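These notes concern the structure reproduced below.
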Protein chains: 2
Amino acid sequence: MPSNTSIVYLKHPTEFPVPGEHFDAQTNKNFSPVLQDGEVLTRNLVISLDPYARQIGQPLDARGVAEVIESKNPKYPVGSIIHAFVGWEEYTVVPDLPTTRIIPEARESKLPLSSYVGVLGMPGLTAYAALKDIGKPKAGETIFISAASGAVGQLAGQLAKAWGLTVIGSAGSDDKVDYLLKDVGFDAAFNYKKRSTHDALKELAPKGIDIYFENVGGETLEAALDHMNNHGRVIACGMISQYNTSKPYGVKNLMQVVSKRLTIRGFIVADFHEQYFDDFFRDVKDLLVNKKIVYRVDEAKGIENAPKAFAGMLKGENFGKQVVKVADL
Amino acid sequence: MPSNTSIVYLKHPTEFPVPGEHFDAQTNKNFSPVLQDGEVLTRNLVISLDPYARQIGQPLDARGVAEVIESKNPKYPVGSIIHAFVGWEEYTVVPDLPTTRIIPEARESKLPLSSYVGVLGMPGLTAYAALKDIGKPKAGETIFISAASGAVGQLAGQLAKAWGLTVIGSAGSDDKVDYLLKDVGFDAAFNYKKRSTHDALKELAPKGIDIYFENVGGETLEAALDHMNNHGRVIACGMISQYNTSKPYGVKNLMQVVSKRLTIRGFIVADFHEQYFDDFFRDVKDLLVNKKIVYRVDEAKGIENAPKAFAGMLKGENFGKQVVKVADL
C-alpha cells in the first residue's frame, strides 16, 4: 500500500496563512484504509484550491478529479474517473455522497482534467448560475466584475458578453488586464493597483453599472455602489479582500442600497446545483469545445506545493483558476 | 383670497437641519393662483413629514389630506377631500397627477384624517408591501425591526405578528419600548440608547433573525447582520442614522452576506403601488376599523411648527408617525 501525503490545516491565521505554520504536509507511511460499503479509494489527479472551507487538524477539503483504485460502491468501479469531494492529498477515502459524479469521457477528453474543477466545475457553475439567478442580465446593460481573471470572473465576463452586455473588469496586474482585453474579450479592464476603482469606473462606465459581480469586497464594493444604476444587482460571490484580515474595511455608502433600490445577494453554489447544473454543463462545454471561450488555469505541481499556491492565491498572485496537479492519469 | 404660508427649503444642512437656517416659513400675502385645466386648489388639512424629498428654494413636498376649494378638474369637485402630493403649506395648486386619490368617506370617517397619510398611506403601504415582497415572512420565523415605534415599524411589527412571526423591536426611549410591548404587542423590545443592539439581539433572538426591517443603518445594521440566519432577508427601507451626518458609519461585516447567503434589498414604495395598494388598503383598513391594530401618530399643530417637528424627527424625538395638522376640516 502506498504512503499518503496530505496537507493538514493546523491553526487559524490572523492575517494570511503561512505554509508550515498554518498548514503543512503530513505523510502517512502506513496508509492502509479498509473501505466500508459505499466508499471508494481514490488516487487524486487534480484538485481545486478555493478560498474557503478549512477545519483544524484535518486534511483540507477540495473538489477534485480522481481515479477510483479500490471500490465498495458499484456506481464507481475501479478505474472510473470521478469528480468528487476529496482532500488536499494523494489518496482519499470518499464516502457515498450525492455530489460525486462520474466523468465518462475523462480518459478520451480533449479538455484538460482541470476543466472539471474549473470552467466545468463549481467556479463555472457559480459564474453561470449566479449571473442568471441574481444578475438577471439584460442585453444592453453594463456589468462590472472584480477579480475578473480569476476562476469565476473570466467565465462570468465571457457569458455576459455572449448575452449582450458591456463587460468591465478589474484585476491586479497589467498581464491580467492584457489577458482580459486581448484573449477574453472584455470591453474594458483596469489594474486596480494602478488606479482607483472609483476613477476607473467613472471613465469606463459612463452610463453606470447595472450588475456588479463581487469577488473582492471592501473598498471595491464601496466604489461599485457609487456607480450603480437604479435597480442594480450585486452578486455577492466572495469578498476575498476581507477573508484574511484583522481590519475589515467599513463600507460607508450602503445608503445607496435604499436610494437606488439595489439588491445585494449572497449565495453558495450548492443553492443553484439542482436548478442550473445540467444547462450550465451543456452550454459551457459546448462553448469550450467550439473554442468560443477561453479559460486560464494556474496549475501548481505536486501536493506539497498546495499551501504555497493557496497562500499566493489569497494575495492575488495566481493567474487564472488555481489548481494543483497531484498526479498524472 | 387668503394668504398662504409655506415652509421653504433654503439650503442643505451638513448635519441636522436647523429651522430658520435650512428651512423657514414664508408667507405670501397676495396668494391668488389662477388654475389651469386639470388643476385644483387645495386647503391642506394634514401633511406627512418624511425623511426625504427636499429641493432648495421650493416649498417642501408632502403627501397630505386636503379639501378642494377651487377646481378645474371634474374628477375632484369643490368640497371633495383628496389624498395628494401637496406642499408644506396652507394652500397648494395640485396638478392632475395619477397619485391623487379622492377619499369619499373622509367627512364621515371614524378614523382620524392623519390615517390617510400614515397607517393607510405611504408608510402603511411600505410596511405591508416590503414585508411581503422582500421579507417573504414564514410563520415561525423571527423579525427584528429598528425604529420600531415609527411610521413604518409599528405597522410592520403588527403585520408580522399577525402572520405568525416572533417580533423584536428597537426604539430610542423607555416610553417607546413600553408602547411596543404593552400596546402594540411586540414579543420583545429594547431601548438602543441603554444597551447595544448586539447584546440585546443575543439575548432576545437566541434562534437568530430571519428578517431585518432596516430603518436605521450604520451600527444597527452591522449588529443585525451578525445575528442573521442563513438565507435571511434585509428590507432596506431607510437608514435614518446615515442621512444627516458628515461621518457615515462603515459597515465591516458584509462578508456575512456571502457566508450566510443573505439578501439586502432597497426599494421605494412607488415600486409596490400597483401590485399591492388595493390589498394593503383593504386589509389594513379592516384591521384598523376592527381595532385589531393600533397606530400612534405624533401631531404637530400649525404649518409654522413643521420645521421643528421635522428636525426633531431626524433625531428620533417624535413618537409615532410624524404629521402636521394644518387646519380643521
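The values are calculated or read from the model by the stated rules, or taken from the named source; none is laboratory data. None of the values given here were measured: they were computed from a predicted structure. Here Cβ is always computed from backbone atoms with ideal geometry, including for glycine, and neighbour counts include all displayed protein chains. For the accessible areas, the whole protein counts, side chains as well, though only heavy atoms, and no ligand, DNA or RNA atoms are used. Shrake-Rupley method; radii C 1.70, N 1.55, O 1.52, S 1.80 Å.
Is there a residue being in contact with a helix residue (DSSP H, G or I) (Cβ under 8 Å, 6 or more places away or on another chain), basic (Lys, Arg) and within 14 Å of another protein chain (Cβ to nearest Cβ) anywhere in segment A:232-245?
Just the residues of segment A:232-245 that are in contact with a helix residue (DSSP H, G or I) (Cβ under 8 Å, 6 or more places away or on another chain), to begin with: A:233-244.
If we keep only those that are basic (Lys, Arg) too, we end up with A:233.
After this cut, where a residue has to be within 14 Å of another protein chain (Cβ to nearest Cβ) as well, the list is A:233.
Yes, segment A:232-245 has at least one match.
Select from segment A:246-260 the residues that are closer than 27 Å to A:ALA129 by Cα and facing chain B (nearest Cβ under 7 Å) and list them in ascending order. Give the derivation first.
Of segment A:246-260, the ones closer than 27 Å to A:ALA129 by Cα are A:251, A:254, A:256-258, A:260.
Matches in segment A:246-260: A:VAL251, A:LEU254, A:VAL257, A:VAL258, A:LYS260.
Pairs, please: C-beta under 6 Å, at least 6 apart or cross-chain, first residue at positive phi and in segment A:195-218, second crowded, with 24+ Cβ neighbours inside 10 Å and outside any helix (DSSP H, G or I)?
Pairs that qualify, where the first residue is at positive phi and the partner is crowded, with 24+ Cβ neighbours inside 10 Å and outside any helix (DSSP H, G or I), are A:GLY217/A:MET239.
Could you check segment B:270-287 and list, in sequence order, the residues that are away from chain A (no Cβ under 14 Å) and not aliphatic (A, V, I, L, M)? Before you say what the answer is, go through the steps one by one.
Just the residues of segment B:270-287 that are away from chain A (no Cβ under 14 Å), to begin with: B:274-287.
Scanning segment B:270-287 gives B:GLU274, B:GLN275, B:TYR276, B:PHE277, B:ASP278, B:ASP279, B:PHE280, B:PHE281, B:ARG282, B:ASP283, B:LYS285, B:ASP286.
Given the conditions (1) in contact (Cβ under 8 Å) with a residue 24 or more places away in the chain; (2) closer than 16 Å to B:TYR128 by Cβ; (3) more than 11 Å from chain A (Cβ to nearest Cβ), report the number of the one that B:LYS308 does not fulfil.
Status for B:LYS308: all satisfied but (2).
Here is a yes/no grid of residues against (1) within 18 Å of the chain's Cα centre (by Cα); (2) surrounded by fewer than 14 Cβ atoms within 10 Å (Cβ to Cβ); (3) in a loop (DSSP other than H, G, I, E, B):
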| residue | (1), (2), (3) |
| --- | --- |
| A:ASP286 | no, yes, no |
| A:LYS292 | no, yes, yes |
| A:ALA300 | yes, no, no |
| A:ALA306 | yes, no, no |
| A:ALA311 | yes, no, no |
| A:PHE319 | yes, no, yes |
| A:ASP328 | no, yes, yes |
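Residues are listed down the side, and each one gets a yes or a no for (1) among the polar types (S, T, N, Q); (2) surrounded by fewer than 18 Cβ atoms within 10 Å (Cβ to Cβ); (3) at the interface with chain B (Cβ under 9 Å from one of its Cβ atoms); (4) out of contact with any Pro (no Cβ under 7 Å at 6 or more places or on another chain):
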position: A:ASP187; (1), (2), (3), (4): no, no, no, yes
position: A:GLY208; (1), (2), (3), (4): no, yes, no, yes
position: A:ILE211; (1), (2), (3), (4): no, no, no, no
position: A:LEU225; (1), (2), (3), (4): no, no, no, yes
position: A:ILE268; (1), (2), (3), (4): no, yes, yes, yes
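Go through B:GLY153, B:GLY185 for me and flag whichever is in contact with a Lys or Arg (Cβ under 7 Å, 6 or more places away or on another chain) and at pLDDT 95 or above. Give the derivation first.
Details: B:GLY153 fails: in contact with a Lys or Arg (Cβ under 7 Å, 6 or more places away or on another chain).
When all the criteria are applied, what remains is B:GLY185.
Can you pull out the residues in segment A:103-134 that are touching a residue at least 40 places away in the same chain (Cβ under 8 Å), over 18 Å from the mean Cα position of the chain (by Cα) and either open to solvent by 40 Å² or more (accessible area, probe 1.4 Å) or closer than 19 Å to A:GLY157 by Cβ (or both)?
A:ARG107, A:LYS110
Could you figure out which of (1) under 30 Å from B:LEU287 (Cβ atoms); (2) open to solvent by 40 Å² or more (accessible area, probe 1.4 Å); (3) of a type in the set (Val, Ile, Thr) isn't true of B:ILE56?
(1)
For residues in segment A:233-254 being farther than 22 Å from A:ILE268 by Cβ and in contact with a strand residue (DSSP E or B) (Cβ under 9 Å, 6 or more places away or on another chain), which is most open to solvent (accessible area, probe 1.4 Å)? Can you show your working first?
Our first condition is that a residue be farther than 22 Å from A:ILE268 by Cβ; within segment A:233-254, this holds for A:246-247, A:249-250, A:252-254.
Filter once more, keeping what is in contact with a strand residue (DSSP E or B) (Cβ under 9 Å, 6 or more places away or on another chain): A:250, A:252, A:254.
Numbers: A:GLY250: 15, A:LYS252: 85, A:LEU254: 9 Å².
Applying the filter and picking the extreme gives A:LYS252.
Going by the conditions given, is B:ASP298 of a type in the set (Asp, Glu) and either closer than 20 Å to B:GLY153 by Cβ or within 14 Å of another protein chain (Cβ to nearest Cβ) (or both)?
Numbers: of a type in the set (Asp, Glu): yes; either closer than 20 Å to B:GLY153 by Cβ or within 14 Å of another protein chain (Cβ to nearest Cβ) (or both): yes.
Criteria met by B:ASP298.
In segment B:135-184, what count of residues is obtained for those that are of a type outside the set (Ser, Thr, Tyr), surrounded by fewer than 24 Cβ atoms within 10 Å (Cβ to Cβ) and part of a strand (DSSP E or B)?
0
Output the residues belonging to segment A:22-48 that are modelled with pLDDT under 90 and assigned to a loop (DSSP other than H, G, I, E, B).
A:HIS22
Could you list, in sequence order, the residues of segment A:243-267 that are assigned to a helix (DSSP H, G or I) and either among the hydrophobic types (A, V, I, L, M, F, W, C) or over 21 Å from B:GLU214 (Cβ atoms) (or both)? Reasoning before the result, please.
The initial filter retains those residues of segment A:243-267 that are assigned to a helix (DSSP H, G or I), namely A:255-259.
The answer is A:MET255, A:VAL257, A:VAL258.
Within segment B:268-284, is there a residue that is of a type in the set (Val, Ile, Thr) and assigned to a helix (DSSP H, G or I)?
Step one: of segment B:268-284, the residues of a type in the set (Val, Ile, Thr) are B:268-269, B:284.
Those still in the list that are assigned to a helix (DSSP H, G or I) too: B:284.
Yes: one or more hits.
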